[in-house]
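Engineer: This is the structure I want to talk about, given as structure tokens.
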Amino acid sequence: MFELFVFSIINGLVYGMLLFMLSSGLTLIFSMMGVLNFAHASFYMLGAYAAYQISVYVGFWPALIIAPLIIAFLGALTERYGLRHVHQYGHVAELLFTFGLVYVIDEIVHLIWGRLPVDYRIPPSLDFSLFTLFGASFPAYRGFMLLVSVVMFVVLYLVLTKTRVGMIVRASLSHPDMVRALGHNVPMVFTMVFALGTGLAGLAGVIAGNYFITEPGMAWAMGPIVFVVVVFGGLGSIVGALWASLIIGIIQTAAVAMPYSLADLFAVFGLQLTRDAPLADFWFLELARIAPILPYLLLVLILVFRPRGLMGTRET
């Protein structure tokens, strides 16, 4: 049982930090621009495909740098020639634009790479065991994922809170006229913020594409859970997104490995249920079978008891 607990925590941290890598870009875009980008997971998918294509020719390590830059450039083009023009029509127009962009990106992926998964693999330089615990090995690539995500959080937090650039970016949302009067190009600031947010999504795609599977459905698989993380942590809060990612990652990973039900919990307190009891199918439903819906149950609870999320400043 102790081994199960330890590995659930470790795997939950890896999965949680991966969720943070993906959700941080979406949180950044919303907190600085007020735009809830429905196509964020699609940029994550493009990052994985771009890394795969680049790695075919020059390897994984150059792809780790080049692919996020390409996705950031595509994000800048999206903001400059798309979102900027529909911004004047309000948030509904922005949501519809990004929602339509999801289907456009999906079709582009189908046209270029087809509908089957591509052979995007972990690089040989990271394909070894980092350490052994309780007779099981911990892959070095998982450690690399943790390292990248932690470094990304530290750099992002310091830039936004401790530098002049971060001050200008935050002021551009709350006091755009004042920032413009000081000589700063506010539209360019927004373009760079959107580019940075999509670039972070691309980086998550580079890291996760070979850890999971790079295929056309990966955006739809990760998109909903990312929005759960962002709302649960609090719209606009980078720190909240980190905590939400870790909580959801650990809970969902631990639940998958738990072959227990509510009936087992009642038995601990001396209440024995039989298969003939009312709602027996519910009481004997194993936690592992409902693990995929646990994040959404947490979302419902947070919306009921704390609509702003864990550390949010905006009402959801």
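Engineer: Among the residues in region 232-249, are any modelled with pLDDT of 75 or more, out of contact with any Gly (no Cβ under 9 Å at 6 or more places or on another chain) and surrounded by fewer than 20 Cβ atoms within 10 Å (Cβ to Cβ)?
Structural biologist: The first filter runs over region 232-249 and keeps only residues modelled with pLDDT of 75 or more, leaving 232-235, 237-249.
If we keep only those that are out of contact with any Gly (no Cβ under 9 Å at 6 or more places or on another chain) too, we end up with 238.
Cutting the leftovers down to surrounded by fewer than 20 Cβ atoms within 10 Å (Cβ to Cβ) gives us none.
So far as region 232-249 goes, no, none of its residues is modelled with pLDDT of 75 or more, out of contact with any Gly (no Cβ under 9 Å at 6 or more places or on another chain) and surrounded by fewer than 20 Cβ atoms within 10 Å (Cβ to Cβ).
Engineer: Return the residues of region 87-128 that are among the hydrophobic types (A, V, I, L, M, F, W, C), crowded, with 17+ Cβ neighbours inside 10 Å and touching a Leu at 6+ places or on another chain (Cβ under 8 Å); say none if nothing qualifies.
Structural biologist: Listed by number, the residues that qualify are Phe97, Ile105, Val109.
Engineer: May I pose another question? Which one is nearest to the chain's Cα centre (by Cα), of the residues in region 206-255 that are over 18 Å from Leu36 (Cα atoms), of a type in the set (A, V, I, L, M, F, W, C) and part of a loop (DSSP other than H, G, I, E, B)?
Structural biologist: Phe212
Engineer: How many residues does region 130-143 hold that are surrounded by 11 or more Cβ atoms within 10 Å (Cβ to Cβ) and free of Cβ contacts under 8 Å to residues at least 40 places away in the same chain?
Structural biologist: 5
Engineer: Any residue in region 92-114 that's in contact (Cβ under 8 Å) with a residue 12 or more places away in the chain: show its pairings with residues that are of a type in the set (Val, Ile, Thr) and part of a helix (DSSP H, G or I) at Cβ separation under 6 Å, as long as the two are six or more apart or on different chains.
Structural biologist: Qualifying pairs under 6 Å: Glu94/Val86; Phe97/Val86.
The rows are residues; the columns are (1) surrounded by 19 or more Cβ atoms within 10 Å (Cβ to Cβ); (2) part of a helix (DSSP H, G or I); (3) touching a residue at least 60 places away in the same chain (Cβ under 8 Å).
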| residue | (1), (2), (3) |
| --- | --- |
| Val14 | yes, yes, yes |
| Phe20 | yes, yes, yes |
| Leu28 | yes, yes, yes |
| Val35 | yes, no, yes |
| Ser42 | yes, yes, yes |
| Leu46 | yes, yes, yes |
| Tyr49 | yes, yes, yes |
| Ile65 | no, yes, no |
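Engineer: Let me ask something else. In this structure, is Thr198 touching a helix residue (DSSP H, G or I) at 6+ places or on another chain (Cβ under 7 Å), of a type in the set (Val, Ile, Thr), surrounded by 20 or more Cβ atoms within 10 Å (Cβ to Cβ) and closer than 15 Å to Leu46 by Cβ?
Structural biologist: The answer is yes for Thr198.
Engineer: Looking only at region 191-200, which residues are over 10 Å from Gly75 (Cα atoms) and either in contact with a His (Cβ under 9 Å, 6 or more places away or on another chain) or free of Cβ contacts under 8 Å to residues at least 12 places away in the same chain (or both)?
Structural biologist: Of everything in region 191-200, nothing turns out to be over 10 Å from Gly75 (Cα atoms) and either in contact with a His (Cβ under 9 Å, 6 or more places away or on another chain) or free of Cβ contacts under 8 Å to residues at least 12 places away in the same chain (or both).
Engineer: A further question on this structure: Yes or no: region 92-105 includes at least one residue that is modelled with pLDDT under 90, more than 22 Å from Ala208 (Cβ to Cβ) and not hydrophobic (A, V, I, L, M, F, W, C).
Structural biologist: Yes; the residues of region 92-105 include at least one that is modelled with pLDDT under 90, more than 22 Å from Ala208 (Cβ to Cβ) and not hydrophobic (A, V, I, L, M, F, W, C).
Engineer: If Val148 satisfies all but one of (1) of a type in the set (A, V, I, L, M); (2) free of Cβ contacts under 8 Å to residues at least 12 places away in the same chain; (3) crowded, with 17+ Cβ neighbours inside 10 Å, what's the number of the condition it fails?
Structural biologist: It is condition (2) that Val148 fails.
Engineer: Within region 17-50, work out how many residues are at pLDDT 90 or above and hydroxyl-bearing (Ser, Thr, Tyr).
Structural biologist: 3
Engineer: Name the residue that is farthest from Gly16 (Cα to Cα), counting only residues in region 201-222 that are surrounded by fewer than 20 Cβ atoms within 10 Å (Cβ to Cβ) and in contact (Cβ under 8 Å) with a residue 40 or more places away in the chain.
Structural biologist: Step one: filter region 201-222 for residues surrounded by fewer than 20 Cβ atoms within 10 Å (Cβ to Cβ), giving 211-213, 216-217, 220-221.
Of the ones still in play, those that are also in contact (Cβ under 8 Å) with a residue 40 or more places away in the chain are 211, 213, 216, 220.
Values: Tyr211: 14, Ile213: 17, Pro216: 22, Trp220: 18 Å.
Residue satisfying both the conditions and the ranking: Pro216.
Engineer: Among the residues of region 51-63, what is the count of those that are buried (at least 24 other Cβ atoms within 10 Å of the Cβ) and either free of Cβ contacts under 8 Å to residues at least 24 places away in the same chain or of a type in the set (Lys, Arg) (or both)? Give the steps one after another, and end with the answer.
Structural biologist: So in region 51-63, the residues buried (at least 24 other Cβ atoms within 10 Å of the Cβ) come out as 51, 63.
Going one step further and asking which of them are either free of Cβ contacts under 8 Å to residues at least 24 places away in the same chain or of a type in the set (Lys, Arg) (or both), we end up with none.
Qualifying residue count for the region: 0.
Engineer: Considering only region 110-125, I want to know if a residue exists there that is of a type in the set (Asp, Glu) and under 25 Å from Met192 (Cα atoms). Please lay out each step first, then the result.
Structural biologist: We begin by selecting, within region 110-125, every residue of a type in the set (Asp, Glu); these are 119.
Checking the rest, the ones that are also under 25 Å from Met192 (Cα atoms) come to none.
Checked region 110-125: no residue is of a type in the set (Asp, Glu) and under 25 Å from Met192 (Cα atoms).
Engineer: Tell me the residue from Arg115, Arg121 that is closer than 17 Å to Gly205 by Cβ and not polar (S, T, N, Q), please.
Structural biologist: None of the others qualify; the one that does is Arg121.
Engineer: Could you grab me the full set of residues in region 181-206 that are at pLDDT 85 or above, among the polar types (S, T, N, Q) and closer than 21 Å to Gln88 by Cβ?
Structural biologist: Thr191
The values are calculated or read from the model by the stated rules, or taken from the named source; none is laboratory data. Because the structure is predicted, anything quoted here is derived from the model rather than measured. FYI the Cβ positions are ideal-geometry reconstructions off the backbone, even for glycines, and counts take in every protein chain you see.
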